[in-house]
Amino acid sequence: MPDTTELDHSQAEVQRRVVVIGPSQWALPTPCERWAVRDLVAHLVEGSRMAIRLLEGASAEEARAVFGVPHGDLLEELDEAFAAELAAFAHPGALESVVHHPAAGEVPGATLYGFRTGDYVVHAWDLAHATGGDEVLPADLVAWVWQSLQPVASIIGQFGVFGSGPSGTVAEDAPLQRRLLDLTGRRP
């Protein structure tokens, strides 16, 4: 059975920030352009559902169909999607399988695992930043995501999902969380 420790911990970081969102905070803007807090949480649900579909063998188009579906109770949907996603990645062979990612093309399940884990870590910060919550991310997760992004660090701004990418203004000896946020287009 594959080890899903990083994914489990990154989902927990999102959940601990989502459960304290007050009724008036769902409409607050986030660092993600054009997304309010509600939109960002919906994105996390949809991303989980997409990953599950991909690991089940769905085509990129079939996996893309999970986006834009109306949502009900986002807290409940997030819990269900996260649990199902963990189970999908824990399935024997999941990390070795090849999935048809809508944006990245054919990638190993291990790469999808890295995408999802990184998405949760960075979006946990986005949620905290938007709602005035705890912006400190676990050092081990920050280091794991930083390392997983290094192969694409020089071109990350070209993906269209990390803003303009790194600003070029953060020193190499700055705290790793600060460098990761800057790498992923955040300017705290």
Mind listing whichever residues of the range 58-72 are out of contact with any Lys or Arg (no Cβ under 6 Å at 6 or more places or on another chain) and in contact (Cβ under 8 Å) with a residue 24 or more places away in the chain?
ALA58, SER59, ALA60, GLU61, ARG64, HIS71
Out of curiosity, is ALA94 modelled with pLDDT of 95 or more, farther than 30 Å from TRP26 by Cβ and hydrophobic (A, V, I, L, M, F, W, C)?
yes
Looking only at the range 102-131, filter to residues that are of a type in the set (Asp, Glu) and either assigned to a loop (DSSP other than H, G, I, E, B) or within 14 Å of LEU44 (Cβ to Cβ) (or both); which one of those is modelled with the lowest pLDDT?
ASP119
Turns out the helices (runs of 4 or more DSSP H) fully within the range 1-98 with at least 1 residues that are farther than 20 Å from LEU181 by Cβ and of a type in the set (S, T, N, Q) are 5-18, 37-55
In the range 144-166, residue nearest to LEU78 (Cα to Cα) [restricted to those that are surrounded by fewer than 14 Cβ atoms within 10 Å (Cβ to Cβ) and of a type in the set (S, T, N, Q)]
GLN147
Pick from the range 129-143, criterion surrounded by fewer than 20 Cβ atoms within 10 Å (Cβ to Cβ) and of a type in the set (A, V, I, L, M, F, W, C), ranking: nearest to ALA90 (Cα to Cα):
ALA143
Please identify the pairs in which a residue from the range 155-175 that is within 15 Å of VAL122 (Cβ to Cβ) has its Cβ atom under 9 Å from the Cβ atom of a residue that is assigned to a loop (DSSP other than H, G, I, E, B) and of a type in the set (S, T, N, Q), counting only partners at least 6 apart or on another chain.
ILE156/THR184; VAL161/THR184; PHE162/THR184; GLY163/THR184; GLY165/THR184; PRO166/THR184
Go through the residues of the range 3-24 one by one and say whether even a single one is β-branched (Val, Ile, Thr), crowded, with 16+ Cβ neighbours inside 10 Å, at pLDDT 95 or above and over 25 Å from LEU95 (Cβ atoms).
yes
Just one listed residue, out of ALA84, ALA63, ALA42, is closer than 28 Å to GLY105 by Cα, surrounded by fewer than 20 Cβ atoms within 10 Å (Cβ to Cβ) and not hydroxyl-bearing (Ser, Thr, Tyr), and it is ALA84
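The values are calculated or read from the model by the stated rules, or taken from the named source; none is laboratory data. These numbers were taken from a predicted model, which means no experiment stands behind them. Neighbour counts are summed over all protein chains in view; Cβ atoms, including those assigned to glycine, are modelled from backbone coordinates with ideal geometry.
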